[in-house]
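Below is one structure, written out as structure tokens; comments come after it.
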Amino acid sequence: MSEAARGEGVRRVGGVCVKVGDHVNTDVIIPGRYLTSIDPAELATHAFEPLGRSFQDRVLAAKVLVAGKNFGCGSAREQAASCLVGAGIEAVIAESFARVFFRNAINTGLVAVQSAAAVAHITDGDEVFVNVAAGNVETRGGTFAFPAYPENLTRILSAGGLIPYVARRLEEESRR
């Protein structure tokens with residue numbers, strides 16, 4: 001997530017998108033042989049490696065990933081979400097997510113939005129923005145609402161992920 005989106009809460013993130021299809025597996029997002037690292041920047045160098053260097057370069061130049069159904073299926077590994085953060089991806093918009101990937105995204109501070117209508121109107125390379133506060137996806141094809149995050153997930157995203165959220169809470173409690 002961009003530094004502008006952190007701190008004062010998640011507001012609006014986005015930019016150029018890369019569009020992928022249905023059932024993108026975590027083994028494609030980050031191959032298992034690289035799971036010895038938890039560093040998002042290092043993981044990002046291997047993001048989508050099975051799809052070739054040209055696709056990797058497109059992902060590294062993008063801010064938004066747009067996907068079909070069941071994005072992040074496969075192995076339950078938080079590195080799939082953190083490598084996208086390391087690659088500079090600020091949001092993933094999908095028709096649907098694998099449950100574990102969705103929660104791992106939130107826990108790493110990656111905005112994950114489910115909106116089949118937005119996905120249907122987005123073309124690869126479009127500029128796409130997610131306005132979390134307003135609850136919408138803005139594209140050249142229009143503005144599409146998505147269900148609001150529950151308050152607890154909004155707080156985690158606003159803090160930049162679960163670890164910064166817990167650290168902030170512990171610090172606040174220690175001052176009491």
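Within segment 46-96, the set of residues being surrounded by fewer than 20 Cβ atoms within 10 Å (Cβ to Cβ), polar (S, T, N, Q) and touching a residue at least 24 places away in the same chain (Cβ under 8 Å) comprises Asn70, Ser75, Ser96.
Tallying residues that are buried (at least 18 other Cβ atoms within 10 Å of the Cβ), in contact with a Pro (Cβ under 9 Å, 6 or more places away or on another chain) and of a type in the set (S, T, N, Q) within segment 97-114 yields 1. Kindly indicate whether Leu170 is modelled with pLDDT of 90 or more, farther than 21 Å from Glu78 by Cα and either touching a Phe, Trp or Tyr at 6+ places or on another chain (Cβ under 7 Å) or in a helix (DSSP H, G or I) (or both). For Leu170, the condition - modelled with pLDDT of 90 or more, farther than 21 Å from Glu78 by Cα and either touching a Phe, Trp or Tyr at 6+ places or on another chain (Cβ under 7 Å) or in a helix (DSSP H, G or I) (or both) - is met.
State yes or no: is Phe71 under 27 Å from Ala117 (Cβ atoms), over 13 Å from the mean Cα position of the chain (by Cα), aromatic (Phe, Trp, Tyr) and modelled with pLDDT of 95 or more? Considered against the rule, which asks whether it is under 27 Å from Ala117 (Cβ atoms), over 13 Å from the mean Cα position of the chain (by Cα), aromatic (Phe, Trp, Tyr) and modelled with pLDDT of 95 or more, Phe71 comes out as no. Taking the criterion of being within 16 Å of Lys19 (Cα to Cα), touching a Leu at 6+ places or on another chain (Cβ under 9 Å) and assigned to a helix (DSSP H, G or I), the residues of segment 29-84 that qualify are Ile29, Val59, Leu84. His121 satisfies every condition listed in (1) touching an Asp or Glu at 6+ places or on another chain (Cβ under 9 Å); (2) surrounded by fewer than 22 Cβ atoms within 10 Å (Cβ to Cβ); (3) not acidic (Asp, Glu) except (1).
Condition test on Phe129, is it more than 23 Å from Arg99 (Cβ to Cβ), buried (at least 17 other Cβ atoms within 10 Å of the Cβ), aromatic (Phe, Trp, Tyr) and modelled with pLDDT of 90 or more? Against the criterion (more than 23 Å from Arg99 (Cβ to Cβ), buried (at least 17 other Cβ atoms within 10 Å of the Cβ), aromatic (Phe, Trp, Tyr) and modelled with pLDDT of 90 or more), Phe129 qualifies.
The values are calculated or read from the model by the stated rules, or taken from the named source; none is laboratory data. Quantities reported herein were computed from a predicted structural model and do not represent experimental measurements. Quick reminder, even Gly has a Cβ in these numbers, built from the backbone with ideal geometry, and neighbours come from all protein chains shown.
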